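S.K.: What follows is a structure written as structure tokens; I'll ask about it next.
Since every read-out is calculated from the coordinates, none of them should be taken as a lab result. These figures come from a predicted structure and were not determined experimentally. Every residue, glycine as well, gets a Cβ built from its backbone with ideal geometry; the counts of neighbours run over all protein chains shown.
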Amino acid sequence: MNSNPIPTTDSIEELAEFWDTHDLTDFEDQLEEVKDPVFERETLISIPLQPQEIKTLKEMAKAQGMDYHDLIKQWVIEKVSQV
């Protein structure tokens, strides 16, 4: 076991550097079980579209600096929130 505490930081770089030089098993006494889900799963759906529709979506998304999947998701979320 290690007497040094696990760093409390939100910096991915700092945490990566720390864990690159330390072993998790040395800190077992400082760990606690996480009961809440860390990541909620999303449901994946399929929407059949014509090739030209996909092309247009990709162009629209590119103009906004985003992926077309994210653009579609944004639209769906906006519409659902209006209900």
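S.K.: Add -39500 (n - 2.57) for each DSSP H run of 4 or more in the chain, then divide by its residues: what number comes out at 222 nm, to the nearest 500 deg cm²/dmol?
M.R.: -13500 deg cm²/dmol
S.K.: In percent, what relative contact order does the chain have, based on Cα pairs under 8 Å that are 6 or more apart in sequence?
M.R.: 20
S.K.: Suppose each label sits 7 Å from its Cα in the direction of the beta carbon; what would the THR25-SER46 distance come out to in nanometres?
M.R.: 4.4
S.K.: Within the chain, what's the longest run with no trypsin sites (Lys or Arg not before Pro) in a DSSP loop and at most 10 other beta-carbon atoms within 10 Å? Give the range, please. Walk me through the numbers before you get to the answer.
M.R.: Details: sites that count: LYS35, ARG41.
The reported range is 42-83.
S.K.: Counting other Cβ atoms within 10 Å of each Cβ, which GluC sites (Glu not before Pro) in the stretch 1-72 have at most 12 and sit in a DSSP loop?
M.R.: The qualifying sites are GLU32, GLU33, GLU40, GLU42.
S.K.: Report ³J(HN,Hα) in whole Hz for each residue of the stretch 29-40, in order, from the Karplus equation J = 6.51 cos²θ - 1.76 cosθ + 1.60 where θ = phi - 60°; Gly and Pro get x.
M.R.: Per residue, the Karplus-derived 3J(HN,Hα) values read 6, 9, 8, 9, 6, 9, 8, 7, x, 7, 10, 7 Hz.
S.K.: Taking the chain, how much of its Cα-Cα pair set, in percent, is spaced more than 20 angstrom apart?
M.R.: Result: 62 percent of Cα pairs exceed 20 Å.
S.K.: Applying the Karplus parametrisation 6.51 cos²θ - 1.76 cosθ + 1.60 with θ = phi - 60° to the phi angles of the stretch 66-78, what ³J(HN,Hα) value in whole Hz is obtained for each residue in order, glycine and proline being reported as x?
M.R.: 9, 6, 5, 4, 5, 5, 4, 4, 4, 4, 4, 4, 4
S.K.: Now, a different point. Using θ = phi - 60° and the Karplus curve 6.51 cos²θ - 1.76 cosθ + 1.60, what whole-Hz ³J(HN,Hα) does each residue of the stretch 41-48 get, with Gly and Pro shown as x?
M.R.: Computed from phi, the couplings for the stretch 41-48 are 6, 9, 8, 8, 10, 10, 10, x Hz.
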